[in-house]
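Read the structure below first, then the notes.
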Amino acid sequence: MSERAISFHFRGAIRQVEGLSPTRTVLQYLREECHATGTKEGCAEGDCGACTVVIGEKRGARLQLRAVNACLQFLPMLDGKALFTVEDLAPLAGTGQLHPLQQALVDGHASQCGFCTPGFVMSLFALYENTPDCPTRDSVMEAISGNLCRCTGYRPIIDAMPAAWALPRVGIERTAVLAALDEMAALPTLEYRIGEQCFIAPRSLAELAAARLAMPEARLVAGATDVGLWVTKQLRPIRDMLGLGAVPELKAIHRDAGTLVIGASASLTDAFAALVDFEPGWADIARRFAAPPIRNAGTLGGNLANASPIGDSMPGLIALDARVLLRRGERLRRVPLEDFYTGYQQTALEPGEFIQALELPPAPAGRLFRCWKIARRFDQDISTVCGAFALTLADGHVGDARIAFGGMAATPRRAPITEALLLGQPWKADTVSDAMAVLAEEFTPLDDLRASAAYRRQVAAKLLQRLWLEASGVPVSLCGLEPQT
Amino acid sequence: MNTTPPPVGAALPHESAHLHVTGEAAYTDDLPEPAGTLHAAPGLSSVAHGRIVSLDLSAVRAAPGVRAVIVAADIPGDNNCGAAVHDDPILADGEVSFHGQPLFAVAADTRDQARHAARLAQVEIEAWPALLTVEDALAADSHVLPPVDISRGDVAAALASAPHRLAGTLHLGGQEHFYLEGQVSLAIPREDDSLHLVSSTQHPTEIQHIVAHALGWRMHQVSCECRRMGGGFGGKESQAAQWACIAAVLARRTGKPVKMRLDRDDDMRATGKRHDFRIEYEAGFDAAGRIIGLKLLLASRCGFSADLSGPINDRAVFHADNAYYLDTVAIRSLRCRTHTVSNTAFRGFGGPQGMFAIESVIDDITRHLQLDPLAVRRANFYDAPPRNTTPYGMTVEDNVIAPLVSQLALDAGYAPRRAAIAAFNAASPVIKRGIALTPVKFGISFTATFFNQAGALVHVYKDGTVQVSHGGTEMGQGLHTKIRQIVAGEFGLPVADVRLSATDTRQVPNTSATAASSGTDLNGKAAQAACRTICQRLAAFVAGRLGSDAGQVGFADGQVRAPGFNRPFAQVVADAYRARVQLWDAGFYATPKIHFDPTTLRGRPFYYFAYGAAVSEVAIDTLTGEHRVLRVDILHDAGRPINPAIDIGQIEGGFMQGLGWLTCEELVFGADGRLLTHAPSTYKIPAVSNLPPVFNVRLFDNANREDAIHRSKAVGEPPLMLALSVFFALRDAVAAALEPGARPQLDAPATPEAILRALNGGTLT
């Protein structure tokens, strides 16, 4: 480790930043230090997308480009990466020209007040750069599902992608960016100190484990999609930080004898891709968990460690019998995820300990898995209720039942009474009906801004009914419905 | 002159589109800050109602970077930012009236320092009982303004004689504007006791006026400009003033420029929203569903002060007929005072709530009679005399609702799809579909007649290029784009030769708010008038040289032409300049024909009506109450469009905003009066997946019969109400799951919980 400036590729060169607080956000840096005001602040909490920028990282030999919310990125998190903002696009197309996406947005009347537009441009740009063929309408919609527009109603923004594809293609000069990333990779570990604050970004698991033991009070920072809010909204002081973004082992995802192992700082985007591959029933939650800029920055380990009762990954993972691999110095221990939560926003983590990985055992034969999120909005909303069901069915009977909910208690929690009632019973309407009655009473959720307790209880039970009806071939899905002709 | 000179009528891009997409378009917070600019933050109340016992700001003053802290007593002039009634303190003085009310403000070297410092205040407030809901206020007989009644005929007798009668109560939620750019003002002290403001405001003149009063100054000491807003929607009509005042007072106190930009959460807590309503009705009708008598109560939550609640509630009354003739009717409007933020203008300005009321009544009638809702709507449409006068005595002269609806119903396949949906529902136990066609008739003009005036200033420079200033503000609606096309059309120039300047009280004075959908109608006519004065001078100049008649001189294709004369505009202008012809002028416009007597509530408040209709198909999940909108067809009357692409954008965007209001946007207040949905994490405006997968939007061919600018019609607000079709399609889907004849008890917004409650007969317990 050594004290050095934060280094990142920006505007075609390696930029070095010193003298700014490590909790200064990328958005503040752009607007207030660089006077690059194309990137806007709409909410400063990662929910509107007006501040969307694109981050470049080297993955293997390739340049990976992903959209993130600049309002929730601390400056040191840029270290070793490349930053692209809306101002970078038109120059790619040559003097006096607009980038094809920008031109298509102009031609298609896709901006009205224009304040959200740079954010949309960047979300679309990440998709444009990452696809060899014109993206489908669905993938365009997913790409901009974290961008709010209050004026247009979105239609012309979606239409801009195929229109841009019809124009001559332009792109980032990747070789130069990769060379800059390689140059920065040779820099020593970042140890950034300003006043009473520090941000240390270990480069290996061992380095992290040692640093964590030495700094048990330090705040672990992975994607900062939650910690960022402590700074922008709660104005909480944060002193020492350990950044997890530069530890390769923590980002690794692999199968180990059928067990899926996901490193704690794998992005939600990467983790969910692996989860959908492992269990296709994960697809619903993968699409509806936040939006790409949050999934690109946020990590699975962060979502688990944050221990929110409404975190959307936990119910499904608990139902899938996941366990967390915890590390403290050299010591490793495994804890079932359901036991990891000890109270409201409380976990079993000891001082100096951190989540190294999440492990999912191989699926038993005949497992029926569904995970459903109920919210007021399809895109980027917090769950009112999130319900996950993993039933193992054999000979028409319930062999094993793991049912878990978010939004129903102070922690993500299983429904043991309902599970016990189902266990060994014939999988039929009467059984489901009995189980629903029990399930509706098994939790004592709260009334809050998202829904009443009565709604939550009723819906928890109805999700079990949905599972049964769907398995029985009754249409229960609103997705993919066509209008009548 | 009824011809539309090009580029009027062309689908040109927004005049700032190329700046929006590159990030070059500068909003107030993007402008380079003058040296020494300080940043302000407010300290907000955490009590809904009470007396300030002590406000200890010593820690705030001692915080790093702090340069000034102000409370009510530090305001040199009038501590008021109320637009209509003098009841809106800039900073709370002695008494606190809502949770989130500004108590003090701090200016510091950086915005972070100001925000941190503002949280260090030691505030003691003696809490008093708070009225939070319409029901609370009704029980306490608490009102910001007196009730308003409009009636025609003997309603009691009509109800008594009607073959069928229904009564009902409806709850309709409010709506946060969620302009993407929050409230922001920059106040810059200038020489000789004057001050300039750059503000994100729909009403620069009012900012000038209120800031002058707050400083104890006169209007010529204050100026205000706005190049563009990142959205307004009514939220920056009256409520941009408070933040401009705070910035101005701090600027005067420190002698330094002060920027006041609200954090999103503070913005949502401290600024007003669309009024939520409690609606009660009693309706009498015949077997065809034709309304014979209607008694309607519209009670709205105005919040702690009047703000624009008077005209907003008036407009709710004026739209409680929507497109329907109400023969015998009594409408009572109550303007409830609560200890919540003062609700304000929001696209539609009460109209949507009035229309929601009558559409609900009609829908209940159709459920009760088990008729096709469209047939009942048609039976009630405004028609030939005598069924063509509104409850406020205005004759509907331009009615096109019947042919418009017929064309839409045919294009959208309403009847066959309704039959197909019934068949689907009969076979689908969990998923139920619904369809609805709802009309819109929306009155265009400020109901306060004197606001219907506008000015413009047009400069032709000696190289033949043109700069236009006018009183309207650009908030994304494309006003400047349309004005540019109008001006280019008058001079026969390409739009590239015409530029719009920032709206500035130093260029055009005494302007009205850019509101009531009136921006193009008013300012377009004013700009046209200025252009025509200049063209007349140029024509006279050319005719004088030719010895011909000025009436034969024309302006088109960048040329000035007369018999035997054809020269570039720029050359004629250069010659005219040398001949000392005045090449700039001002134009003024006052809307004709309108009049309204606020004491008798009779007259012609509107110059004309804009019409539209929409068909929406939805599906609901009867297990969870979730829904999806599957298809929407819209036919809308924008008159003869000045820019059809911009009008389509207003229709699509307005519809989606209305869809949000009625489905996913829910304002939730805690028992202590605190707004719990104070950020986009908890307050959900439509996102991209809310876009209907099939969305057909067309313009109805219907030149304005009144002499509006180029026979166009205002299009800013009316399309929002097209989204009522989504709500009534949801009601239709709920009805499909209920017993025939049952009326769905569906509150708005139709959240999953509201839909599930309606499916359960109005309760979840």
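No lab work stands behind these numbers, since they all come straight from the coordinates. Keep in mind it's a predicted model, so treat the numbers as computed, not measured. Reconstructed Cβ throughout: ideal geometry from the backbone, glycine too, with neighbour counts over all protein chains shown.
General remarks:
- Remark: chain A carries a charge dipole of roughly 200 debye about the Cα centre, counting +1 on each Lys and Arg Cβ and -1 on each Asp and Glu Cβ.
- B:A287/B:A156 FRET efficiency (R0 22 Å; Cβ-Cβ; nearest 0.05): 0.55
- Considering only B:N696, A:L360, B:P749, and ranking their Cα positions along the charge dipole of the protein assembly as shown that arises from unit charges at the beta-carbon of Lys, Arg, Asp and Glu, the one farthest toward the positive end is B:N696.
- Close Lys pairs in chain A, defined as Cα atoms under 18 Å apart and 8 or more places apart or on different chains, number 6.
- Theoretical gain in end-to-end length, B:A427 to B:E397 [0.36 nm per residue, Cα-Cα removed]: 6.2 nm
- Taking the Cα atoms of chain A, the ratio Rg/Rh between the radius of gyration and the Kirkwood radius comes to 0.98.
- Peptide A:100-110 has a mean of 5 when you count, residue by residue, the C-beta atoms of other protein chains within 10 Å of its C-beta.
- A cut-off under 15 angstrom between Cβ atoms defines the neighbours of A:P309, and their net charge, with Lys, Arg +1 and Asp, Glu -1, is 0.
- Measuring between their Cα centroids, the range B:1-39 and the range A:396-453 lie 55 Å from each other.
- Here B:K525 is the anchor, and the lysines within straight C-alpha reach of less than 22 Å, apart from those fewer than 8 places off in the same chain, are B:K482, B:K593, B:K713.
- Volume of the Cα convex hull of the range A:72-154, divided per residue and given in Å³: 130 Å³
- Prolate/oblate/rounded call for the protein assembly as shown, Cα gyration tensor, a/c under 1.5 rounded: oblate
- Label reach from B:A579 (point 7 Å along Cα→C-beta): in the range B:531-561, amide nitrogens under 14 Å belong to B:535-554, B:560-561.
- Peptide-level mean, for B:648-657, of C-beta atoms on other protein chains within 10 Å: 5
- Sorted peptide list for B:447-454, A:67-74, A:178-185, criterion being average Cβ within 10 angstrom, highest first: A:67-74, B:447-454, A:178-185
- In chain B, helices alone account for a calculated mean residue ellipticity at 222 nm of -8500 deg cm²/dmol, with every DSSP H run of four or more residues adding -39,500 (n - 2.57).
- Per-residue average of Cβ from other chains inside 10 Å of B:677-683: 6
- Three-way shape label, the range B:339-397, alpha-carbon gyration tensor, a/c 1.5: oblate
- Antiparallel bridges, percent of DSSP beta bridges restricted to the range B:575-726 (to nearest 5): 70 percent
- For the range B:453-590, the Cβ-based charge dipole about the Cα centre amounts to some 280 debye (Lys, Arg positive; Asp, Glu negative; other atoms uncharged).
- Peptides B:128-134, B:481-487 ranked from most to least packed, by the mean per-residue count of other Cβ atoms within 10 Å: B:481-487, B:128-134.
- Cα centroid separation, the range A:78-103 to the range B:386-453 (Å): 45 Å
- Each residue, B:R218 and B:D109, gets one label point 7 Å from its Cα in the Cβ direction; the gap between the two is 4.0 nm.
- Sites B:T133 and A:Q346 - FRET efficiency at Förster radius 35 Å, r taken between beta-carbons, to 0.05: 0.45
- For the range B:322-385 versus the range A:291-333, the inter-centroid distance based on Cα atoms is 50 Å.
- Of the residues A:V276, A:T152, A:L463, the one whose Cα sits farthest toward the positive end of the charge dipole of chain A, with +1 on the Cβ of Lys and Arg and -1 on the Cβ of Asp and Glu, is A:T152.
- Charged side chains reduced to their Cβ positions (Lys and Arg at +1, Asp and Glu at -1) give the range A:9-186 a dipole of some 140 debye around its Cα centre.
- Nearest-0.05 FRET efficiency for B:D549 and A:E57, computed from C-beta distance (R0 60 Å): 0.25
- Anisotropy class of the range A:252-471 from Cα gyration tensor, a/c 1.5 cut: prolate
- Here the contact order of chain B, divided by its residue count and restricted to Cα pairs under 8 Å and six or more residues apart, works out to 15 percent.
- Projecting the Cα atoms of A:T444, A:F289, A:T418 onto the charge dipole of the range A:252-471, computed from C-beta unit charges around the Cα centre, puts A:F289 farthest toward the positive end.
- The order of the peptides A:161-174, B:658-671 by mean Cβ neighbours within 10 Å, most packed first, is B:658-671, A:161-174.
- On full extension, the segment bounded by A:R4 and A:R169 gains 55.5 nm, given 0.36 nm per residue less the C-alpha separation.
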